[in-house]
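Student: Quick one: the structure is below, questions incoming.
The values are calculated or read from the model by the stated rules, or taken from the named source; none is laboratory data. As the structure is a computational prediction, the values presented were derived from the model and not from experiment. Because the Cβ atoms are built from the backbone with ideal geometry, glycine has one as well, and the counts that use them run over all protein chains shown. The protein model used for the area step is the full one, side chains on, heavy atoms only, and it has no ligands, DNA or RNA in it. Shrake-Rupley method; radii C 1.70, N 1.55, O 1.52, S 1.80 Å.
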Amino acid sequence: PAPRTPTFAEGNWQQGALASYVFGNGSFVGTASDTGNKVADGTYRYINANTIQISSFSAVQQKTIVANCLLVNGNTMNCTSDTGSTFSLARTARFS
């Protein structure tokens, strides 16, 4: 049988008090926690069983950001962008 495609990113994630993100079916949208305005949207793909690569258009910075995100435990992803900045996402809900 074919290897099972990872699905760990599917669901809702929070970036501290800044923004919340919904990941599903290869795309995502991020909204600001304080205003509810869209701050980013883009696509993601699975690199391996515990890493995704996201390509995000930042509404704040008005540019595309590419980042690799590593699942460090079942509920946290640590991400590093192509410019070297880092951020973490914490799971708030999982899609089945």
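Student: Collect the residues in the range 22-32 that are of a type outside the set (A, V, I, L, M, F, W, C) and open to solvent by less than 60 Å² (accessible area, probe 1.4 Å), keeping them in residue-number order.
Tutor: Across the range 22-32, the qualifying residues are 24, 26, 27, 30, 31.
Student: Give the range 1-15 a look and list any residue that's modelled with pLDDT of 90 or more and β-branched (Val, Ile, Thr), or say none.
Tutor: Selection gives 7 alone.
Student: Any residue at all in the range 50-70 that is more than 12 Å from the chain's Cα centre (by Cα) and within 20 Å of residue 5 (Cα to Cα)?
Tutor: Yes.
Student: Conditions: (1) open to solvent by 80 Å² or more (accessible area, probe 1.4 Å); (2) of a type outside the set (Ser, Thr, Tyr); (3) on the phi > 0 side of the Ramachandran plot. Residue 75 meets all but one. Number of the miss?
Tutor: (3)
Student: Could you tell me whether any residue of the range 55-72 is more than 15 Å from residue 92 (Cα to Cα), touching a Cys at 6+ places or on another chain (Cβ under 9 Å), open to solvent by 60 Å² or more (accessible area, probe 1.4 Å) and not aromatic (Phe, Trp, Tyr)?
Tutor: Yes, the range 55-72 has at least one match.
Student: So, of the residues in the range 78-88 that are assigned to a strand (DSSP E or B) and of a type in the set (S, T, N, Q), which turns out to be surrounded by the most Cβ atoms within 10 Å (Cβ to Cβ)?
Tutor: In this case the residue turns out to be 81.
Student: So residue 91 clears everything in (1) surrounded by 13 or more Cβ atoms within 10 Å (Cβ to Cβ); (2) basic (Lys, Arg); (3) not in a strand (DSSP E or B) except one condition, right? Which one?
Tutor: Status for residue 91: all satisfied but (3).
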